[in-house]
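Read through the structure below, which is laid out as structure tokens, and then see the notes.
Nothing in this text is a laboratory measurement; each read-out follows from the coordinates by a stated rule. Model, not experiment: these values are computed from the prediction. Note that we place each Cβ from the backbone using ideal geometry, even for glycine, and neighbour counts take in every protein chain shown.
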Amino acid sequence: MKSAVFASALALATADQWESYKAKYNKVYNGVDHEATAKATYEQNMKWAAENSNDEVQFGENQFTDLSQDEYKVTAGLGYNPSALRSLPHMGVHEYQGEELAASIDWTTQGAVTPVKDQGQCGSCWAFSTTGGMEGAWQIATGSLTSMSEQQLVDCSTQNAGCNGGSMELAFNYAGTTNVATESSYPYTARDGSCKSSYTTAIPQGGVTGYKSVGQSTDSLKSALQTGPVSVAIEADQLAFQLYSGGVLKNGCGTNLDHGVLAVGYTADAFKVKNSWGASWGESGYLQISTSGNTCGIHSDASYPTVSSSVAVEEPREYAKGFVRMPRNAAVPVGEITPEMRAAAPSKLDWSQTSGAITPVKDQAQCGSCWAFSATEGIESAVFQATGSESPALSPQQIVSCDKTDAGCNGGDLPTAFDYVESAGGLDTEEDYPYTSKTGRSGSCKSSTPVVKVTDYKYAVPPCEGGSCSSQDEDGLKAALDAHGPLSVCVNAESWNGYYGGVLSGSCSGKYNALDHCVQLVGYDTTASTPYWKVRNSWGTSWGEGGFIRLPMGQNSCGIADEAIYVKASMAASVV
């Protein structure tokens with residue numbers, strides 16, 4: 001009878017433990033049978049943990065305890081894939097040269113390591129190991145610790161395979177070619193995504209100058225750790241790793257590398273390693289791997305980035321915009337888009353690649369004169385469409401200073417700008433009427449000699465007249481761009497300040513009341529992996545892609561089809 005009572009009590013205790021485990025790790029199972037299998041696996045793993053724990057190393061409960069080894073390998077995101085395809089300068093091999101090594105190092109106490117992160121069920125360990133290396137190197141070089149974006153590497157490092165795995169060296173390659181994003185501006189999603197182009201810079205392009213491999217010995221890894229945290233590859237697919245909870249791991253994990261982590265220090269007995277499975281795993285997200293031999297393969301493939309802090313992180317410039325709807329004397333007519341025009345529109349078009357179709361990119365600087373630049377650019381392109389020859393660069397300053405319906409550097413609108421040019425008899429050249437409003441002063445109107453006149457202008461497609469503007473005619477916009485040439489358009493540029501390149505990602509509202517900026521639409525490509533519109537801006541060539549931005553098609557991104565205008569122009573009689 002006593003044996004039966006004891007067995008019953010033990011069963012109740014086990015049930016309580018199981019319920020506590022489910023609650024702690026938010027476990028939900030697909031039916032009774034699935035839960036029974038998971039519970040049996042949990043009990044088997046806990047039995048193994050109890051049998052193999054000792055004073056030196058402990059195994060036990062974590063988010064993987066209810067998983068078989070096969071399930072664990074999938075869930076843990078073991079995604080390290082070594083590769084010989086490396087292009088960033090390999091700065092040599094860091095070998096131990098017999099120098100005196102510190103007795104111990106811990107970069108977590110020196111401000112060079114960010115808090116433990118969680119990669120989730122995505123094989124992106126390589127990205128977390130890479131950011132850890134860059135975060136440490138940049139902090140040591142600059143004194144500033146910034147959490148960097150793993151998601152940027154997952155989405156944009158195309159030599160790697162995102163959630164299907166990658167290598168730290170290839171990720172260092174990518175980081176050397178771009179502005180490395182902050183974690184906060186490009187947050188982690190645990191899934192593959194489209195490469196974003198707008199974010200805050202943590203390390204500017206050129207700040208990561210190369211990487212060094214580390215010699216395959218304990219002393220070489222210790223020597224490399226004198227300089228900062230080191231990205232390392234290990235084998236993590238065995239039970240010893242799956243159920244690790246504390247102490248020094250000395251064996252049971254193999255040397256077939258499948259997981260990227262970050263070595264952040266060492267003692268006489270163990271390397272301190274930061275994992276990317278959250279703080280509930282191991283020793284608050286860390287583990288200790290023995291310094292005796294090549295335990296878990298820890299010094300089989302180690303590397304760290306080299307950085308140059310002389311490449312300064314520039315705060316994104318706050319660019320001026322200036323679109324303000326102005327009262328209009330009459331309704332602007334809408335041009336006709338025929339079925340034949342729609343059918344004739346090619347699959348891709350880029351007027352910026354047609355000599356003379358647009359003038360070079362300009363810079364409105366700190367004046368809210370986008371509307372004047374957009375209008376001027378439209379007129380210049382209209383001259384090319386009418387004559388087949390490149391227009392002289394025309395004067396946005398004349399419009400800024402002399403158009404009294406609009407408000408100069410305080411903003412304006414396209415129809416009223418075109419109305420002014422018509423009433424003034426045309427526009428002077430940029431050479432004879434240069435831009436002087438860079439500091440935000442509109443300036444006084446002065447005499448001018450018109451060289452180009454506006455003969456007509458119309459909306460390319462029906463404009464949005466309020467609300468969300470979600471049903472704009474982008475197909476018609478393609479046809480108008482093909483038939484009439486580059487279009488003057490007004491958009492929502494709120495998210496453009498930090499744009500560096502690629503197709504703009506994330507939401508960019510096209511609502512009627514969101515528009516704040518006017519630009520020139522010059523092309524599109526429906527054959528690209530992400531079909532896009534190509535837009536010429538007036539923020540200089542150092543912004544975006546040489547002064548251009550690409551917006552995704554099919555969603556009226558940033559209101560690209562809300563207010564699009566084509567203009568007709570000719571050379572003034574005096575210069576014909």
(message) Tell me the label only: which of (1) 98, 57, 37; (2) 116, 52, 49; (3) 109, 62, 38 is Cα extents along the principal axes in Å as calculated from this structure?
(response) (3)
(message) Please compute the contact order of the chain in relative form: average sequence separation of alpha-carbon pairs under 8 Å and at least six residues apart, divided by the residue count, as a percent.
(response) 13 percent
(message) What do you get for the angle between helix 125-142 and the principal long axis of the chain? Use alpha-carbon atoms, 0 to 90 degrees, nearest ten.
(response) 70 degrees
(request) Grab the beta carbon distance between GLU51 and GLN17, set R0 = 22 Å, and tell me the FRET efficiency rounded to 0.05. (result) 0.80
(message) If you fit an axis through the alpha-carbon atoms of helix 474-484 and take the longest principal axis of the Cα set of the chain, what angle between them do you get, 0 to 90°, nearest 10?
(response) 40 degrees
(message) Strictly greater than 19 Å: what percent of every Cα pair in segment 121-277 meets that?
(response) 53 percent
(request) For ALA393 and VAL28, compute 0.36 nm times the residue count separating them, minus their Cα-Cα distance, and round to one decimal in nm. (result) 124.8 nm
(message) For segment 309-380, take the convex hull of the Cα atoms, compute a quarter of its surface area, and give me that in nm², please.
(response) 9.3 nm²
(message) Classify segment 372-491 from the C-alpha gyration tensor, please: rounded if a/c falls under 1.5, else prolate or oblate depending on whether a/b exceeds b/c.
(response) oblate
(message) With an 8 Å Cα cut-off and a minimum separation of 6 or more residues, compute the relative contact order for segment 414-459 in percent.
(response) 53 percent
(message) Between 0 and 90 degrees, rounded to the nearest ten: what's the tilt of helix 32-52 against the longest Cα principal axis of the chain?
(response) 60 degrees
(message) Given the C-alpha atoms of segment 35-103, compute the convex hull and give its volume per residue in Å³.
(response) 187 Å³
(request) Figure the gain on full extension for THR189 and GLN159 (residue separation times 0.36 nm, minus the Cα-Cα span) and round it to one decimal in nm. (result) 8.8 nm
(message) How compact is segment 481-576 by the rule of thumb for globular proteins, expressed as Cα Rg over 2.2 N^0.38 Å?
(response) 1.15
(request) Work out the charge dipole of the chain with +1 on the Cβ of Lys and Arg and -1 on the Cβ of Asp and Glu about the Cα centre, then indicate which of GLY246, LEU477, VAL503 is farthest towards its positive end. (result) LEU477
(request) Whole number please: convex hull volume per residue, Cα atoms of segment 234-389, in Å³. (result) 323 Å³
(message) Starting from the 7 Å offset along Cα-to-Cβ, what nm value, one decimal, do you get for the label separation of SER310 and THR37?
(response) 6.0 nm
(request) Report the FRET efficiency, 1/(1 + (r/R0)^6), for THR526 and ALA331, where r is their Cβ-Cβ distance and R0 is 30 Å, rounded to 0.05. (result) 0.40
(message) Modelling each spin label as a point 7 Å along the Cα-to-Cβ direction, I'd like the ALA344/SER468 distance in nm, to one decimal.
(response) 3.5 nm
(request) Determine the relative contact order of segment 145-298: mean sequence separation of Cα pairs under 8 Å and six or more apart, normalised by residue count, in whole percent. (result) 18 percent
(message) What FRET efficiency comes out for ALA102 versus ARG317 if R0 is 41 angstrom and r is the Cβ-Cβ distance? Round to the nearest 0.05.
(response) 0.40
(message) Could you compute how fast segment 50-151 diffuses translationally, taking Rh as the Kirkwood radius over C-alpha pairs and applying Stokes-Einstein at 37 °C with viscosity 0.692 mPa s? Give it in µm² per second.
(response) 189 µm²/s
(message) Within 10 Å of each candidate Cβ there may be at most 12 other Cβ atoms; applying that plus a DSSP loop requirement, which trypsin sites (Lys or Arg not before Pro) in segment 419-496 survive?
(response) LYS446
